[in-house]
Protein chains: 2
Amino acid sequence: MTDDPKRRLFNTFATVAKALGNGHRLELLELLAQDERSVEALTRLSRLTFGNVSQHLQQLRRAGLVDARKDGKHVFYRLADDEVVKLIASLRRIAERNLAEVDRVVSGYFRERDSLEALSREELVARMQDGLVTILDVRPPEEFAAGHVPGALNITVKELGERLGDIPAGQEVIAYCRGPYCVLSFEAVALLRKRGFEARRLDDGYPEWKAAGLPVEAGPASD
Amino acid sequence: MTDDPKRRLFNTFATVAKALGNGHRLELLELLAQDERSVEALTRLSRLTFGNVSQHLQQLRRAGLVDARKDGKHVFYRLADDEVVKLIASLRRIAERNLAEVDRVVSGYFRERDSLEALSREELVARMQDGLVTILDVRPPEEFAAGHVPGALNITVKELGERLGDIPAGQEVIAYCRGPYCVLSFEAVALLRKRGFEARRLDDGYPEWKAAGLPVEAGPASD
DNA sequence: ACAACATTCTATTATTCAATAGAATAATAA
DNA sequence: TTATTATTCTATTGAATAATAGAATGTTGT
């Protein structure tokens, strides 16, 4: 099209941005930020048709945002790079700061956000060194097994009511899940507080933790 | 459209990405990363028509990426936030790592890149503390005046040949300009080396320096 | 008030994109 | 081999986007 190198670079960068410019694709990327998944699994987890998911994934692949691996009948997709999580986080930050729309949605549906006094990753790292916190991962066991914050306890929100006994008393609980807008940790903190625990949320989730290069642990649930 | 809050958020984030999904708009953002500019100035600097520039700017504004200020007959646009520079840098990093196209363009037109041994921001900060480097800003004086790395000398590539005497001998020169793909600093380093100076490039430019929160200085050229 | 200028708005057209359905591949199971 | 399942590819439709030209708005200078 053009042969001005600067322009060609801008156009190439634009193709990456274009791939991010669709809500469904961002949703797929969020799902992939948890763990690699097959097209079938992604179809189940999103509300799209099979063929449509496949096409979106291929756009993401052309843009270099995801990679694919074939295993038997299944094709497993995963993020090409942890930098993708950072890119999306950067997108989110700009949207949060500069678009009133985000405020309205967030304050409408995630109202307790501030009242639950979210903790930053840095603060959590500091607390972990002191060793006086219980870290609670409220995601499903499969996602936990694919990777989690070292030493975290895995109890889903559903089980939480019956497993309060597994949580060490007397020290603060920090709950996290899939990301900044994942409601699971909000619910967990609300429940824990009602039952007398001192509990707070991590202000984002596992993918951001991993992308930041902080240590992770993998394997089956630790209980 | 939908009232699933998660989906509404993704759609909102997607509108920001969509605004970035066009080479011309990325070019406008790069120009704005230097300094605020009027629609007229941007029309001159890009190869777009006046009306088209205006429309692109309005898309950028709707996406919360730029702000506008009216002064007399002119409307001046500027980046809404330094985070925008970081977002674009993140986009660039992913494109560089994962798309062969970028490699081809970069190695075709910016071949000397590696041979000129670019220096990172962090390394430059360390060198500045030792005080044994000359920092050379090769951008036009207007851009220099709008903000530059503290202590930098402003000499454009055009003047450089006749003003070598202004450069302290015996210490390394670090040149920078508008960003990682700005050719000015490549040319400056090539010229300086030919004339016997020890010279290297900063691996990105002023906008990235500023966005990283490093100290900046403003005002007329320091010579 | 009028003319000149910078900018935005509107309408039009060509291009690109999203979603759907159905055909084509490719791997496994019977 | 045939059937089954997971996935990709192709074609089609309707929707969104980009570029252009020209009208409308608003500000400054006379």
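Read the figures in this text as sums done on the coordinates, not as results from a lab. Only a predicted model underlies this, so the values are computations on that prediction, with no experimental measurement involved. Cβ: placed from backbone, ideal geometry, glycine included. Neighbour counts: every protein chain shown.
Excluding A:T43 itself, calculate the net charge of residues whose Cβ lies under 13 Å from the Cβ of A:T43, where each Lys or Arg counts +1 and each Asp or Glu counts -1. Can you show the working numbers first?
Values: positive: A:R37, A:R44, A:R47; negative: A:E27, A:E40.
Residues near A:T43 contribute +1 overall.
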Shape of segment B:109-211, Cα gyration tensor, a/c cut at 1.5: rounded
field: Test item: Cα-centred dipole of segment A:112-211, Lys/Arg +1 and Asp/Glu -1 on Cβ, debye
entry: 180
query: For chain A, modelled as a Gaussian network with Cα springs under 10 Å, which listed residue fluctuates most, A:Q34, A:Q59, A:Q129?
result: A:Q129
message: How far, in nm to one decimal, is A:D4 from itself in the other copies if the label point is set 7 angstrom along Cα toward Cβ? Shortest first, please.
response: 4.2
query: If you take every DSSP beta bridge whose two residues both sit in segment A:90-223, what share of them, in percent to the nearest 5, is antiparallel?
result: 10
- prompt: Which of A:K86/B:K86; B:K86/B:K210; A:K86/A:K210; A:K70/B:K6 have a Cα-Cα distance over 19 Å?
  reply: A:K70/B:K6
query: Suppose every K and R has +1 on its Cβ and every D and E has -1 on its Cβ; what is the size of the dipole of the protein assembly as shown about the Cα centre, in Debye to the nearest 20?
result: 1640
Approximate shape of segment B:5-81 as ellipsoid semi-axes (Cα gyration tensor, √5λ), whole Å, largest first: 24, 13, 10
- request: List the aspartates and glutamates whose Cα lies under 17 Å from the Cα of A:K158, skipping any in the same chain that are fewer than 8 positions away.
  value: A:D137, A:E142, A:E143, A:D166, A:E187, A:D223
- prompt: Which whole-number percent gives the relative contact order of segment B:153-223, counting Cα pairs below 8 Å spaced six or more residues apart?
  reply: 37
field: Position A:G161, label points 7 Å along Cα→Cβ, spacing to each other copy in nm (shortest first, one decimal)
entry: 8.2
query: For segment A:169-186, list residues with backbone N below 16 Å from a point placed 7 Å from the Cα of A:E142 toward its Cβ?
result: A:178
field: Top of B:V189, B:V173, B:V102 by mean-square fluctuation, Gaussian network on chain B, Cα under 10 Å
entry: B:V102
message: Whole angstrom only: what separates the Cα centroid of segment B:143-167 from the Cα centroid of segment B:19-91?
response: 26
Residue (of A:T15, A:Q59, A:V39) at the positive-pole extreme of segment A:5-81, dipole from beta-carbon charges: A:T15
message: Calculate the FRET efficiency for A:E217 and B:L214 from the Cβ-Cβ distance with a Förster distance of 35 Å, rounded to the nearest 0.05.
response: 0.50
- request: List the distances, in nm and shortest first, from the label point of A:D67 to the matching label points in every other copy, placing each point 7 Å from Cα along the Cα-to-Cβ direction.
  value: 4.1
Residue-averaged [θ]222 nm for the protein assembly as shown, counting only DSSP H segments that reach four residues, each worth -39500 (n - 2.57): -15000 deg cm²/dmol
- prompt: Which listed residue (B:A145, A:V216, B:A199) has the Cα farthest towards the positive end of the charge dipole for the protein assembly as shown, taking +1 on Lys and Arg C-beta and -1 on Asp and Glu C-beta about the Cα centre?
  reply: B:A145
- prompt: Can you list the residues, at least 5 places off or on another chain, whose amide H is less than 5 Å from the amide H of B:G205, using H built in the peptide plane?
  reply: B:G179
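How many times 2.2 N^0.38 Å is the alpha carbon radius of gyration of the protein assembly as shown?
So the Cα radius of gyration is 1.10 times the expected 2.2 N^0.38 Å.
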